[in-house]
Amino acid sequence: MKRITPVGLSLTAAVVALSYGSMAHAAPRTQSPQSDTPPAPQDAGQEATPADIVVTAQKRSQTLIDVPQSVSVVSGAMLEQQNATNFADYLKDVPNLQLVQGTPGQGRLVLRGVNTGGVASTVAVYVDETPFGSSTALANAAELAGDFDTLDIARIEVLKGPQGTLYGASSLGGLLKFVTDEPNTKRVEGKALGGVEFTDGGDASYRGGAMINIPLTDTLAFRASGSYRKQGGYIDSIGIAGSRIDPNFNDFRTYGGRASLMWKPDSRLSIRLTALLQNLDVDGAPSFVEADPATLKPLYGNLTLSEYVPSFSNVKYRLYNGTISYDLGVATLTSSTSYGQQLQSLRIDYTGNLSAALAGPYSDLLASFGLPRIPQNNALFDQLTQSRKWTQELRLASNGGGFLEWLVGGYYTHEKALISQRLKLVQPGTLTPITYPLELVRYNLHSQYEEFAAFGNATFHLAPWFDIDLGGRYSHNRQRADQVTDSVLLGNSNIGDLRSSDDVFTYSVAPKIKFGNRASLYARIAKGYRPGGPNVVPAGAPAGTPTTYAPDTVTSYELGFKGETAGGTFGLDASVYHIDWHNIQLAAVVNGFGVNANGPGAKVDGAEIAATMRPTAGLVTSVNFALNDAKLSGDTDPLVVGAVKGDRLPFTPRYSVSVNADYQWALGGDATASVGGSIRSLSGQSGNYDPVYRALYGHFARIPAYEVIDLRASLSLGRYTINAYVQNLANVAGITATEALTANGLFRNANGAMGTGVIRPRTAGMSVTVGF
């Protein structure tokens, strides 16, 4: 572990500066565990301070400044003010949060650089009490993080560092939690919005949404919201190498809604039922563009991708939850039962990669066995990914106050997943199937994951100025996989009843020194894990072919400070950390079999600073800074991964900086106006590990540094609010993802181009919101 004393000294100095004259002890500001409702939203430019913001990071309601770990909060008011509807829109508000994405609905979240590009997630996603997405590497969970619409969201909490104690598997880097607005029994509420956007070089976009809250009785309330968004495309297929001419083909639609029923028959009991449904229908998937492999600049000067067969990615989110809380007096009992579905239907254009080879060398090989030749064709790859997940959590938490606050609980999940793949041939320029006597590729992988866990957390208030937080979790999981392959190119096999199991203990220790009620200094040591699993290999596989892969774990060491001046004119949240990552899970090919394998470790050293300034009435400015030194600590297989000791972890910038500022002023009566803007700057990064690229260029893809500037303005006239904004003002083509240069031993794209995901070009928009 690197020494952190110098930074610790500077943090101590900051403690003295921020808390001078405010050293009187205040009782712990922990609210009752069943309460998940934050304070009333503040007007733009008058956001709540850390001592006021309530979060549920530790599964009980606490003020942000009391939580002994790094937590970023993006309020619903801020999301609305910034016109933020998805992951990409609010990255600037969270230090050290990255999104690796080439297609909407197919995104990988990365926190504090914990990323090697594998297929199992390192960041957990929750919606209220519901964990979303698969816990296993057998369901492509890393690439399908739940990107939920932000309409009627109370806040988004981002917990950084491993969260294995309270949130379990696959939270190595941290957790992103959507906290939705609860039904309100006090009053009728409603809101409707509509908006339009225009993207440079692309088609127009439209958005609409509505929310209604209805008290049905004094104890029963219903809340529902719905939204629709159509984003116009901005990537063209221009006929290169015989591809289609199809402008702006990567448009997408996202639509859905959420409904919630809350019953509070008395002050002790609450029952909440919630259903969430959302669809993301994307044309042109994956939405990469063709780039020069050496420079990563667009190959033909504009954003283009050679499209032979229309592609798509349709993703469906389905979440259902029932949460019951009962106050027993000294403690509150909470039960959360959830069922979630994540369904993706995907078509990828493989023409540029496979068609020539199928009609040439592969066809010659088939003919040598007396099979018919494959005619000239366009090739497409259909994939169906399904994940279904039941979870049950039961916990008992003390109601706060006194020497000891505690929480104990149990957790169970049962998941089923399917990945089904087929390679199909169609006549060039059409979707008319080419009849062939045998399947070229057909593959079905069924898997099951089951986990049992027991966890506990305790906070000891040892002195008015000193607390220590302890947590532990024991988890046992077992998995099963079955695979059927029936095709010419992959052969025929039925591999069944493959099994694995893990037993893991994770923990956290976090002492905290309090300086009055507006500053604290904490340290935290925490462990997180990601489950292992079975590999799909036949019984007769050569010796040395791994039949299972082990869990990988991280241990994080963090020192942090949170504080604000009296009146909240200046606030600071700063931390330094060191992360040891062991047994990293990597995709590999061993003895000709594609498997998950455990590789070397990695080390991450970093620092984060989030500062908020309110120098005058109506003006709020925030600065977020993150520094990361994330590198492998050992060599990987040179032919499979190609990374060696000292290589940077992919899509982890050495530094990132964002500055946000908003100013609001009164116009008279109930009218107000505001203007604001933000800039986010990322240093150069390494692209995904790709041994072929490294063999050709001597290094992995180097992502250039870039900056994104957004501007916004609003006019509020009582019930009505008008927003105008420009996103990506400078129209930069920042890179958010890289494809492997080859697949199946062949270049993926026409003319040897490399696929890169890019941020959306400059977009100007306007929206109108009416509320009551």
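The values are calculated or read from the model by the stated rules, or taken from the named source; none is laboratory data. From a predicted model like this one, the values you see are computed outputs, not experimental measurements. Cβ coordinates were reconstructed from backbone atoms using ideal geometry, including for glycine residues, and neighbour counts include every protein chain displayed. Remember, those area values only see protein heavy atoms, side chains included, never the ligands or the DNA or RNA. Shrake-Rupley method; radii C 1.70, N 1.55, O 1.52, S 1.80 Å.
Output the residues belonging to the stretch 237-255 that are of a type outside the set (V, I, T), out of contact with any Asp or Glu (no Cβ under 7 Å at 6 or more places or on another chain) and not in a loop (DSSP other than H, G, I, E, B).
A241, G242, Y255 - these are the residues of the stretch 237-255 that are of a type outside the set (V, I, T), out of contact with any Asp or Glu (no Cβ under 7 Å at 6 or more places or on another chain) and not in a loop (DSSP other than H, G, I, E, B).
Quick one: which of V123, V127 is touching a Phe, Trp or Tyr at 6+ places or on another chain (Cβ under 9 Å) and not basic (K, R)? It would help to see each step written out before you state the result.
Details: V123 fails: touching a Phe, Trp or Tyr at 6+ places or on another chain (Cβ under 9 Å).
Matching residue, one of V123, V127: V127.
So in the stretch 276-293, with the set limited to residues that are out of contact with any Lys or Arg (no Cβ under 7 Å at 6 or more places or on another chain) and assigned to a strand (DSSP E or B), which one is most open to solvent (accessible area, probe 1.4 Å)?
Residue satisfying both the conditions and the ranking: D283.
Of all residues in the stretch 668-684, which are open to solvent by 50 Å² or more (accessible area, probe 1.4 Å) and at pLDDT 95 or above?
Correct list: V675, I679.
Just to be sure I understand the filter: pairs with C-beta atoms under 6 Å, separated by 6 or more residues or on different chains, first member in the stretch 195-209 and over 14 Å from L729 (Cα atoms), second member assigned to a loop (DSSP other than H, G, I, E, B) and among the polar types (S, T, N, Q). Which pairs pass?
Here the result reads G202/N248; D203/N248, each pair linking the stretch 195-209 to a residue that is assigned to a loop (DSSP other than H, G, I, E, B) and among the polar types (S, T, N, Q).
Pick out the one residue from A124, A57, A84 that is among the hydrophobic types (A, V, I, L, M, F, W, C), within 28 Å of D629 (Cα to Cα), open to solvent by less than 20 Å² (accessible area, probe 1.4 Å) and not in a strand (DSSP E or B).
A57
For T385, are the conditions met, namely being crowded, with 18+ Cβ neighbours inside 10 Å, closer than 30 Å to L273 by Cα and among the polar types (S, T, N, Q)?
So T385 fits the description; yes.
Here's the yes/no breakdown for (1) within 30 Å of L384 (Cα to Cα); (2) open to solvent by 10 Å² or more (accessible area, probe 1.4 Å); (3) at pLDDT 95 or above; (4) not in a strand (DSSP E or B):
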{"residue": "D149", "(1), (2), (3), (4)": "yes, yes, no, yes"}
{"residue": "L172", "(1), (2), (3), (4)": "yes, no, no, yes"}
{"residue": "K191", "(1), (2), (3), (4)": "no, yes, yes, no"}
{"residue": "V196", "(1), (2), (3), (4)": "no, yes, yes, no"}
{"residue": "A210", "(1), (2), (3), (4)": "no, yes, yes, no"}
{"residue": "K230", "(1), (2), (3), (4)": "yes, yes, yes, no"}
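May I ask you to list the residues in the stretch 367-395 that are more than 30 Å from A141 (Cβ to Cβ) and either β-branched (V, I, T) or at pLDDT 95 or above (or both)?
I374
Out of all the residues in the stretch 170-181, is one or more within 15 Å of the chain's Cα centre (by Cα), of a type outside the set (A, V, I, L, M, F, W, C) and farther than 21 Å from F505 by Cβ? Give the steps one after another, and end with the answer.
Initially, the stretch 170-181 is screened for residues within 15 Å of the chain's Cα centre (by Cα), giving 170-179.
Those left that are additionally of a type outside the set (A, V, I, L, M, F, W, C): 170-171, 173-174, 177.
Restricting the remaining residues to those that are farther than 21 Å from F505 by Cβ gives 177.
There is at least one residue in the stretch 170-181 that is within 15 Å of the chain's Cα centre (by Cα), of a type outside the set (A, V, I, L, M, F, W, C) and farther than 21 Å from F505 by Cβ.
Read through the list (1) outside any helix (DSSP H, G or I); (2) over 24 Å from N83 (Cβ atoms); (3) aliphatic (A, V, I, L, M); (4) open to solvent by 10 Å² or more (accessible area, probe 1.4 Å), then give the number of the only condition that A145 fails.
That leaves (2) as the condition not met.
Give me a count of the residues in the stretch 502-514 that are open to solvent by 50 Å² or more (accessible area, probe 1.4 Å), of a type in the set (A, V, I, L, M, F, W, C) and under 31 Å from the mean Cα position of the chain (by Cα).
Result for the stretch 502-514: 2.
Mind checking which strands (runs of 3 or more DSSP E) fall wholly inside the stretch 401-487 and carry at least 3 residues that are in contact with a Pro (Cβ under 6 Å, 6 or more places away or on another chain) and modelled with pLDDT of 90 or more?
Result: 466-487.
The rows are residues; the columns are (1) farther than 25 Å from K514 by Cα; (2) surrounded by fewer than 23 Cβ atoms within 10 Å (Cβ to Cβ); (3) over 22 Å from the mean Cα position of the chain (by Cα).
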site	(1), (2), (3)
F561	no, no, yes
T565	no, yes, yes
F570	no, yes, yes
A574	no, yes, yes
Y577	no, no, no
Q585	yes, no, no
G594	yes, yes, yes
N598	yes, yes, yes
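Which one of the conditions (1) charged (D, E, K, R); (2) surrounded by fewer than 17 Cβ atoms within 10 Å (Cβ to Cβ); (3) in contact with a Ser or Thr (Cβ under 8 Å, 6 or more places away or on another chain) does R347 fail to meet, given that it meets all the rest?
Single failed check for R347: (2).
Go through (1) open to solvent by less than 10 Å² (accessible area, probe 1.4 Å); (2) farther than 30 Å from V692 by Cα; (3) modelled with pLDDT under 95; (4) of a type in the set (A, V, I, L, M) and name the single condition A539 misses.
Only one criterion is unmet by A539, namely (1).
Quick check: anything in the stretch 69-80 in contact (Cβ under 8 Å) with a residue 60 or more places away in the chain, β-branched (V, I, T), open to solvent by less than 10 Å² (accessible area, probe 1.4 Å) and assigned to a loop (DSSP other than H, G, I, E, B)?
The answer is no, given that none of the residues of the stretch 69-80 is in contact (Cβ under 8 Å) with a residue 60 or more places away in the chain, β-branched (V, I, T), open to solvent by less than 10 Å² (accessible area, probe 1.4 Å) and assigned to a loop (DSSP other than H, G, I, E, B).
I'd like to check which strands (runs of 3 or more DSSP E) are fully inside the stretch 578-651 and have at least 1 residues that are in contact with a Leu (Cβ under 7 Å, 6 or more places away or on another chain) and farther than 29 Å from G568 by Cβ. Spell out the reasoning first.
On the way: elements: 585-590, 593-598, 602-613, 619-632.
Because the criterion is at least 1 residues that are in contact with a Leu (Cβ under 7 Å, 6 or more places away or on another chain) and farther than 29 Å from G568 by Cβ, the strands (runs of 3 or more DSSP E) in the stretch 578-651 that meet it are 593-598, 602-613, 619-632.
Please go through (1) surrounded by fewer than 18 Cβ atoms within 10 Å (Cβ to Cβ); (2) in contact with a helix residue (DSSP H, G or I) (Cβ under 9 Å, 6 or more places away or on another chain); (3) within 26 Å of A673 (Cα to Cα) for L639 and return the number of the only condition it doesn't satisfy.
Here L639 meets the rest and fails (3).
For the stretch 479-501, check the following and say yes or no: at least one residue is buried (at least 17 other Cβ atoms within 10 Å of the Cβ), of a type in the set (K, R) and within 22 Å of G340 (Cβ to Cβ).
Looking through the stretch 479-501, at least one residue is buried (at least 17 other Cβ atoms within 10 Å of the Cβ), of a type in the set (K, R) and within 22 Å of G340 (Cβ to Cβ).
Criterion first (crowded, with 19+ Cβ neighbours inside 10 Å, at negative phi, of a type in the set (K, R) and out of contact with any Asp or Glu (no Cβ under 8 Å at 6 or more places or on another chain)) does K527 satisfy it?
yes
Which ones in the stretch 294-317 are crowded, with 22+ Cβ neighbours inside 10 Å and either part of a loop (DSSP other than H, G, I, E, B) or of a type in the set (D, E) (or both)?
L299, L303, L305, S306, E307, Y308, V309, S311
Could you grab me the full set of residues in the stretch 557-570 that are part of a strand (DSSP E or B) and in contact with a Leu (Cβ under 8 Å, 6 or more places away or on another chain)?
Across the stretch 557-570, the qualifying residues are L559, G560, F561, K562, G563, E564, F570.
Kindly provide the set of residues from the stretch 325-381 that are of a type in the set (V, I, T) and part of a helix (DSSP H, G or I), ordered by number.
Result: T351, single match.
Would you check which residues across the stretch 726-735 are surrounded by fewer than 22 Cβ atoms within 10 Å (Cβ to Cβ) and in contact with a strand residue (DSSP E or B) (Cβ under 6 Å, 6 or more places away or on another chain) and list them?
Residues of the stretch 726-735 that are surrounded by fewer than 22 Cβ atoms within 10 Å (Cβ to Cβ), as a first pass: 726, 728-734.
Scanning the stretch 726-735 gives V726, N728, L729, A730, V732, A733, G734.
Across the stretch 212-228, which residue is nearest to L269 (Cα to Cα) among those that are surrounded by 17 or more Cβ atoms within 10 Å (Cβ to Cβ) and in contact with a Lys or Arg (Cβ under 6 Å, 6 or more places away or on another chain)?
Among those that are surrounded by 17 or more Cβ atoms within 10 Å (Cβ to Cβ) and in contact with a Lys or Arg (Cβ under 6 Å, 6 or more places away or on another chain), it is N213.
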